[in-house]
Amino acid sequence: MANKKKFLSKEQIIAAQGKTKSNMAAARYLHVSYQHYKKYAKMYNLFDGHKNQAGKGIPKFLRGPKKMPHMMEIIEGRIAASSFDPAKLKYALIEQGYLSEECAVCKFKERRVLDYKVPLLLHFKDNNSNNYSLDNIQLLCYNHYFLTVGDIFNSKDIKQIESKQEHYGTSEKIEWEVDDYHLQRLKELGLDDEDDVNEYISRI
């Protein structure tokens, strides 16, 4: 007798969409197939509103040709973490719902207005950066990483920051590019058009 397929409530779909940026990611978050998720999302009229064909809110470095696996395969050690960019793995842990995008100690999760990033570092408790088991990893804000793990900046970095010297790689004019997802966040702050956004960024 075939196993009864998992029922998905409207509340479960909404919760999964709140944690992810695409329907595919929401299906992974719920641990069901995409087609199974799609059936229920469409039934509740929640599918189209969570489409993300343009990749809004997903960093450009994640849109390369190398497909990311489901993180459970890396968490359980079936696929070597060393085969992937650590930044992509960190993002996938958050995007697929395995880690909340906040400090594990103080729950800090404030986003920088400029690019909507949260200042969090992935910490491996056993110092093995290939061990992605869930009891070995946590996200820490800069303060708690410094207090509980170690230095974030070396003496050269600190000297540059405190002396207000120009940092390496910033001498050339920077061309700002804000994608649609971050542009929407800026508009929520009252920056209604592109000129307002550019003026605001230029003041930061």
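Does residue 158 satisfy the criteria of being surrounded by 17 or more Cβ atoms within 10 Å (Cβ to Cβ) and among the β-branched types (Val, Ile, Thr)?
no
Take segment 105-124 and flag every residue that is in contact with a strand residue (DSSP E or B) (Cβ under 7 Å, 6 or more places away or on another chain) and either over 22 Å from residue 15 (Cβ atoms) or surrounded by fewer than 17 Cβ atoms within 10 Å (Cβ to Cβ) (or both).
105, 106, 108, 119, 121, 122, 123, 124, listed by residue number.
State yes or no: is residue 39 surrounded by 14 or more Cβ atoms within 10 Å (Cβ to Cβ) and over 27 Å from residue 102 (Cα atoms)?
The answer is yes for residue 39.
In segment 125-152, how many are exposed (fewer than 14 other Cβ atoms within 10 Å of the Cβ), over 21 Å from the mean Cα position of the chain (by Cα) and not charged (D, E, K, R)?
Looking only at that region, the number is 5.
Show the residue pairs meeting these rules: Cβ distance below 7 Å; 6+ apart or different chains; first residue within segment 127-149 and small (Gly, Ala, Ser); second residue surrounded by 14 or more Cβ atoms within 10 Å (Cβ to Cβ).
The qualifying pairs are 133/75.
How many of the residues in segment 1-30 are surrounded by fewer than 18 Cβ atoms within 10 Å (Cβ to Cβ), of a type outside the set (D, E, K, R) and either farther than 20 Å from residue 101 by Cβ or in the same structural domain as residue 101 (by TED's automatic domain parsing) (or both)?
Total satisfying the criteria: 5.
Of the conditions (1) touching a Ser or Thr at 6+ places or on another chain (Cβ under 9 Å); (2) crowded, with 17+ Cβ neighbours inside 10 Å, residue 44 satisfies every one except a single condition; which number is it?
All conditions are met except number (2).
Just wondering, is there one or more residues in segment 36-55 that are in a helix (DSSP H, G or I), at pLDDT 90 or above and under 15 Å from the mean Cα position of the chain (by Cα)?
Checked segment 36-55: no residue is in a helix (DSSP H, G or I), at pLDDT 90 or above and under 15 Å from the mean Cα position of the chain (by Cα).
With a cut-off of at least 2 residues that are within 24 Å of residue 26 (Cβ to Cβ) and modelled with pLDDT of 90 or more, name the helices (runs of 4 or more DSSP H) lying wholly within segment 84-188.
Result: 86-95.
The values are calculated or read from the model by the stated rules, or taken from the named source; none is laboratory data. Because the structure is a prediction, the values reported are computed rather than measured. Backbone-built Cβ (ideal geometry, glycine too); neighbour counts: all protein chains shown.
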